[in-house]
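Asker: Please see the structure below; I have some questions.
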Amino acid sequence: MSEITASRKPPRSGFVLPVALGSKFFHRVLGAIVFIGSLAIYYSTTCPVVYYGDAGEFITAAWTGGVAHPPGYPIYIILLAIFLRLPLAWLAPKTEFFQLIAWQANFFSAVVSAVTVWLIYLILLRLLRSPLPALGGGFLAALSRTFWSQAGITEVYALNALFIAWMTLIGLLISEAAPGSKRRLILLRWGSLAYGLSLSNHHEAIFMFPLWLTMIIITLSAPRESRRLFAPGKAILDGLIFFAIGLLPYLYLPFAAASKPVLNWGDPSNLTNFIKVVTRAEYQEIKASITGDLITSFDVLIAFIKWSLLQYFPGMLIFAVFGFGMLVRKSPHRAVLNACAISIAAMSIAFIVYFGRIDRASLFFLEVYFIPWYLAIGGLIAYGMMSLLTLGRIYSSRPRPFIVLIIAVTLIFGAWLGRAQNQHVSDMSDNIVGYVYSHDVLLTLPDSPQKNILITGGDEIFLFWYWSCLLYTSDAADEEDSV
């Protein structure tokens, strides 16, 4: 492996492992520790029953082959449907209140989040060039308040974070590959696929376009003599083709709707309805009709600042300031990191502006939209600490072992402090509010509840979709009774 010199020449490393201290085997062992450790934490804090919000709807759509609310979240529904059919009852925790299918859907987010933490570890390996601080930074991000809270419930934001982390890692890999090499072209294909899949999960990923564009530009930037390996037009075409492949999950929507499933939001079986669902046209109409106690973009901004400060133990945030400054000045991955910064900044600003006219009671729902920014703060903390204690010489010399150890221990200690601070909010293992509410309502109905009409408002209806579409089907009932 070659070293990164003081001239900040990008390294040419292996496909996944960066130029860093220690052997590849050591890197992989620490990566396994990050994944298994975070998964163990998420397993212990996973909600055991159906959660409030969209959970009941997503589970119903995945279990019955239905269509969820716009834009349908097809890749999430497809992956969740596969995961729900895995024989995981033996993993189920023994708790007083428990629903197997709901728990397994919630645990899907735990697995996805653990994979995301592993990707963050790989990203930090490339930025910090040292595995132990990358390990500490991975756990620090894993226990950030909002990201952790989504690791134990059925929601799309854990998968959204995974795709963004995957794109970021691929961008770093492209910047490290030799100019004009075929490896850059292969990585561009993977990055384009990841971008398409991310848009098949949540439209928030549209703001990652600057990162995707940067991948294309870096791939095309090569000495003239190296361009014989592939023509620029072919690279662009390959990127577009693999991006389109990533969007193919949207074909699930018309095929699922054509079978007339129990849950068929917007019935996207024809082109007109399909476009309305994918473009979220219904939400524009709803937002325009909102009245009452409305908030302004300034209210959202204040909440955004508050949420950002609550993600980690407060004393760790000072390092994020140093991390931002050093990242801009010294990183050999500057182009990719600048693209990520632009993407996340555009994402955050857009949400602050867009949600400036919603009712005040819905403000707390917006916290999850800023998860990419919260995770970026964790990365900046790790990078800032490494830069500060190595006097900014991450890329020009080998950090002293005792400095590396101090950084790793401090980050892990910061993660532990964050766990103590955030557990009461992020631990979903005893959150049975949705179960109790829906169960108690159903108990008030006469016999044969299938013959009753239940009228409810808001997202509470999703809880009853779960009960009616799952617990009253023989297969699901048998699985619930088996635990």
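The values are calculated or read from the model by the stated rules, or taken from the named source; none is laboratory data. This structure is a prediction, so every number in the text was calculated from the model and none was measured. Because the Cβ atoms are built from the backbone with ideal geometry, glycine has one as well, and the counts that use them run over all protein chains shown. The area values use the complete protein model at the heavy-atom level, side chains included, leaving out ligands, DNA and RNA. Shrake-Rupley method; radii C 1.70, N 1.55, O 1.52, S 1.80 Å.
Asker: Among all lysine pairs in the chain that are eight or more places apart or on different chains, how many have alpha carbons less than 30 angstrom apart?
Answerer: Close lysine pairs found across the chain: 14.
Asker: About its Cα centre, what dipole magnitude does segment 122-237 give when the only charges are +1 on Lys and Arg Cβ and -1 on Asp and Glu Cβ, stated in debye to the nearest 20?
Answerer: Values: 11 positive and 4 negative charges, 123 e Å.
Computed charge dipole of segment 122-237: roughly 600 debye.
Asker: Determine the dipole magnitude for the chain: charges of +1 sit on the beta-carbon of Lys and Arg, -1 on that of Asp and Glu, nothing else is charged, the reference point is the Cα centre, and the result goes in debye to the nearest 20.
Answerer: Numbers: 33 positive and 27 negative charges, 692 e Å.
My answer is approximately 3320 debye.
Asker: Provide the per residue accessible area, probe 1.4 Å, for segment 140-194, rounded to a whole number of square angstrom.
Answerer: Numbers: 950 Å² over 55 residues.
Roughly 17 Å² per residue, with all protein chains present.
Asker: If a helix is a whole DSSP H run, which ones in the chain reach 18 Å or further along their own axis (Cα) and hold a mean Kyte-Doolittle hydropathy of at least 0.0?
Answerer: On the way: long enough: 24-44 (30 Å, 1.19); 100-128 (41 Å, 1.82); 157-176 (29 Å, 1.57); 182-199 (26 Å, 0.39); 232-247 (23 Å, 1.49); 297-310 (20 Å, 1.58); 317-330 (20 Å, 1.67); 334-354 (29 Å, 1.78); 371-389 (28 Å, 1.53); 401-426 (36 Å, 1.15).
Result, helices passing both filters: 24-44, 100-128, 157-176, 182-199, 232-247, 297-310, 317-330, 334-354, 371-389, 401-426.
Asker: Under 15 Å from the Cβ of L159, count the other residues' Cβ atoms, weight Lys and Arg +1, Asp and Glu -1, and hand me the total.
Answerer: On the way: positive: none; negative: D54, E155, E204.
It works out to a net charge of -3.
Asker: Using a 1.4 Å probe and counting only protein heavy atoms, arrange R360, R419, R393, R280 so the residue with the most accessible area comes first. All intermediate terms of the calculation are to be shown ahead of the outcome.
Answerer: On the way: R360 105, R419 75, R393 135, R280 45 Å².
I get R393, R360, R419, R280, largest accessible area first.
Asker: Let me ask another. With a 1.4 Å probe and all protein chains kept in place, how much accessible area does L443 have, in Å² rounded to the nearest 10?
Answerer: 120 Å²
Asker: With an 8 Å cut-off on Cα pairs and a minimum separation of 6 or more residues, tell me the relative contact order of the chain in percent. Please list the in-between numbers first.
Answerer: On the way: 796 pairs, mean separation 125.6, N = 483.
Dividing the mean separation by the residue count of the chain yields 26 percent.
Asker: Something else: In terms of solvent-accessible area of protein heavy atoms at a 1.4 angstrom probe, what is the ranking of F255, F313, F324, F464, highest value first? Please report the intermediate quantities before stating the final value.
Answerer: Working: F255 155, F313 75, F324 120, F464 15 Å².
Largest accessible area first, the list is F255, F324, F313, F464.
Asker: When the accessible area of the chain is computed with all protein chains present and a 1.4 Å probe, what percentage of it is carbon and sulfur? Spell out each step's value before the answer.
Answerer: On the way: 14210 of 20690 Å².
Whole-percent figure for carbon plus sulfur exposure: 69.
Asker: If you don't mind, another one. May I ask you to rank F26, F462 by accessible area, largest first, using a 1.4 Å probe over the protein chains only? Provide the component values of the computation, followed by the final result.
Answerer: Numbers: F26 75, F462 10 Å².
Order by accessible area, largest first: F26, F462.
Asker: Then there's this: How much accessible area does K306 have with a 1.4 Å probe, in Å² rounded to the nearest 10?
Answerer: Using a 1.4 Å probe on the heavy atoms, I get roughly 130 Å².
Asker: Please compute the net charge surrounding W465, taking Lys and Arg as +1 and Asp and Glu as -1 over other residues with Cβ under 11 Å from its Cβ. Write out the running numbers ahead of the final one.
Answerer: Details: positive: none; negative: D54, E57, D459, E460.
Net charge around W465: -4.
Asker: Around P314, under 13 Å between beta carbons, what's the net of Lys plus Arg minus Asp minus Glu among the other residues? Provide the component values of the computation, followed by the final result.
Answerer: Numbers: positive: R145, K306; negative: none.
Every neighbour counted, the sum reads +2.
Asker: Using +1 at the C-beta of Lys and Arg and -1 at the C-beta of Asp and Glu, which of F107, L193, F26 has the Cα lying farthest in the positive direction of the dipole of the chain?
Answerer: F26
Asker: I'd like to check one number: the per residue accessible area of segment 61-126, probe 1.4 Å, reported in Å² as a whole number. Numbers along the way, then the final one.
Answerer: Details: 1930 Å² over 66 residues.
I get 29 Å² per residue for segment 61-126.
Asker: In deg cm²/dmol and to the nearest 500, what is the mean residue ellipticity at 222 nm of the chain if only DSSP H runs of at least 4 residues count, each as -39500 (n - 2.57), divided by the residue total? Numbers along the way, then the final one.
Answerer: Details: 21 runs with 298 residues, N = 483.
Helix contribution divided over all residues of the chain: -20000 deg cm²/dmol.
Asker: Can you list residues from other chains, or at least 5 along the same chain, whose modelled amide H is less than 5 Å from the amide H of N264?
Answerer: V67
Asker: Leaving out ligands, DNA and RNA but keeping every protein chain, what accessible area does Y157 have, in Å² rounded to the nearest 10, with a 1.4 Å probe?
Answerer: 20 Å²
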